[in-house]
Amino acid sequence: MRLALALFVMLPLAAREPLAQRIAHTDPSKYQEVKHVHDGAGSLLIQELFSRDTLNTNLIFLHRGVLPPKGGIGHHYHNHMEEMFVIFDNEAEFTIDGRTSRLAGPAAAPCRMGRSHAIYNPTDRPTEWMNIAVGSIKGKYDNFDLGDDRVGAPLEPRPPFITMRLDKSLLQPLDGSYGGHGTVRYRRVLPPEVFFTNWSYVDHLVLPEGTSVGRHRHEGVEEFYYVVSGEGTARIDGESAPIRKGDAVPILFSEVHSFENTGRGDLEFMIVGIARVKWALDTEQVK
């Protein structure tokens with residue numbers, strides 16, 4: 001009995017809830033204003049979608065929010081974790097290891113373990129923003145602030161660091177994905193080689209109207225699907241739930257999952273994969 005209870009307690013909360021409750025919803029009414037994050041300029045509006053307890057792997061958090069005009073996150077280090085700032089629109093100035101470039105959304109820059117980073121919105125418009133953190137140690141967050149808001153930092157016209165863009169023109173057609181209907185479009189934007197932790201990939205996936213990705217599972221990888229745009233249906237282990245722009249769907253080890261576009265226009269995802277063991281990636285179609 002004690003062993004059974006202990007195993008139950010160790011399971012992520014997400015595994016004990018119905019699918020509809022597991023899905024996190026971006027809700028601007030729940031944003032909290034935080035000022036001078038890591039000694040940054042202005043303020044930040046933020047909501048936690050996932051915590052360190054959402055997955056079994058080393059996801060520390062998934063944050064969604066807004067960088068207000070002249071707001072940002074100051075220059076700081078992480079020595080036991082990796083983060084990636086994502087912007088979905090407008091522009092922002094990204095700093096990695098003290099070098100700064102301006103990126104136009106939708107774009108992102110991963111900050112690998114042992115490196116420093118910052119972000120600043122120099123424009124007069126708000127920027128839709130996301131932050132993803134994955135640790136080398138389960139639940140371990142660390143930071144060292146450098147007291148630098150990066151306001152007025154010299155800009156380099158070409159980013160001297162790793163970046164990514166969610167660019168639909170770069171997607172490749174994929175017919176009958178895992179036994180699904182129609183032709184979807186897909187690209188692995190960031191592969192395992194980019195990351196030092198067990199953070200394994202970032203994928204970009206678009207399901208046109210009426211298409212789907214069929215049933216499949218991963219024994220050694222957990223994922224979350226973030227809905228960048230559109231509407232559809234998520235199905236996990238026999239449950240189904242509607243999803244829409246701003247939703248984040250957690251996928252645990254061995255969970256059979258599929259997605260269908262049931263709305264108008266494209267259903268667009270950003271997918272993050274985190275492995276149980278570095279480099280050990282797997283996918284199995286389930287009929």
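The values are calculated or read from the model by the stated rules, or taken from the named source; none is laboratory data. Since this is a predicted model, take the numbers as computed values, not measurements. Virtual Cβ from ideal backbone geometry, glycine too; neighbours counted across all protein chains shown. For the accessible areas, the whole protein counts, side chains as well, though only heavy atoms, and no ligand, DNA or RNA atoms are used. Shrake-Rupley method; radii C 1.70, N 1.55, O 1.52, S 1.80 Å.
Filtering segment 204-222 to residues that are buried (at least 23 other Cβ atoms within 10 Å of the Cβ) and of a type in the set (D, E, K, R) leaves only GLU222. Taking segment 250-287 as the range and being more than 26 Å from GLU193 (Cβ to Cβ), part of a strand (DSSP E or B), open to solvent by less than 20 Å² (accessible area, probe 1.4 Å) and not hydroxyl-bearing (Ser, Thr, Tyr) as the test, the residues that pass are PHE259, LEU267. Filter segment 68-96 down to residues that are among the acidic types (Asp, Glu) and crowded, with 21+ Cβ neighbours inside 10 Å and give me whichever is nearest to the chain's Cα centre (by Cα). Residue satisfying both the conditions and the ranking: GLU83.
In segment 146-171, the residues that are under 18 Å from GLY74 (Cα atoms) reach residues that are in a loop (DSSP other than H, G, I, E, B) and at pLDDT 95 or above with C-beta atoms within less than 6 angstrom, at least six apart or across chains, in these pairs: GLY147/ASP39; ASP149/GLY40; ASP149/ALA41; VAL151/ALA41.
Does PHE195 qualify as being buried (at least 18 other Cβ atoms within 10 Å of the Cβ) and of a type outside the set (S, T, N, Q)?
Yes.
Of the listed requirements (1) closer than 19 Å to ARG22 by Cα; (2) free of Cβ contacts under 8 Å to residues at least 60 places away in the same chain, GLY263 misses just one: (1).
Identify, please: which residue in segment 117-130 is in a strand (DSSP E or B) and open to solvent by 10 Å² or more (accessible area, probe 1.4 Å) and is, among those, nearest to ASN79 (Cα to Cα)?
Ranking the qualifying residues of segment 117-130, first place goes to TYR120.
Please pick out the residue among GLY65, GLY152, GLY139 that is of a type in the set (Gly, Ala, Ser), open to solvent by less than 40 Å² (accessible area, probe 1.4 Å) and not in a strand (DSSP E or B).
GLY139
None of VAL227, VAL184 is open to solvent by less than 10 Å² (accessible area, probe 1.4 Å), free of Cβ contacts under 8 Å to residues at least 60 places away in the same chain and within 19 Å of LEU55 (Cα to Cα) except VAL227. Residues that are farther than 22 Å from VAL189 by Cβ, part of a strand (DSSP E or B) and of a type outside the set (A, V, I, L, M) within segment 232-243 comprise THR233, ARG235, GLU239, SER240, PRO242, listed in sequence order. Looking only at segment 39-62, residues that are open to solvent by 30 Å² or more (accessible area, probe 1.4 Å), farther than 20 Å from VAL249 by Cα and not in a strand (DSSP E or B) come to 2 in all. Condition (residue is without any contact (Cβ under 8 Å) to a residue 60 or more places away in the chain and within 22 Å of THR183 (Cα to Cα)) applied to segment 266-285: is it met by at least one residue? Among the residues of segment 266-285, not one is without any contact (Cβ under 8 Å) to a residue 60 or more places away in the chain and within 22 Å of THR183 (Cα to Cα), which makes the answer no.
Scan segment 108-116 and tell me whether some residue there is in contact with a Pro (Cβ under 8 Å, 6 or more places away or on another chain), assigned to a strand (DSSP E or B), of a type outside the set (Asp, Glu) and at pLDDT 95 or above. Walk me through it before giving the result.
If we filter segment 108-116 for residues that are in contact with a Pro (Cβ under 8 Å, 6 or more places away or on another chain), which is where we start, we get 109.
After this cut, where a residue has to be assigned to a strand (DSSP E or B) as well, the list is 109.
Imposing the further condition that a residue be of a type outside the set (Asp, Glu) reduces the set to 109.
Filter once more, keeping what is at pLDDT 95 or above: 109.
Within segment 108-116 (the criterion being in contact with a Pro (Cβ under 8 Å, 6 or more places away or on another chain), assigned to a strand (DSSP E or B), of a type outside the set (Asp, Glu) and at pLDDT 95 or above), the answer is yes, since at least one residue qualifies.
Taking segment 163-181, which residues are open to solvent by less than 60 Å² (accessible area, probe 1.4 Å) and not in a strand (DSSP E or B)?
The answer is THR163, LEU166, ASP167, LEU171, GLY176, SER177, GLY179, GLY180.
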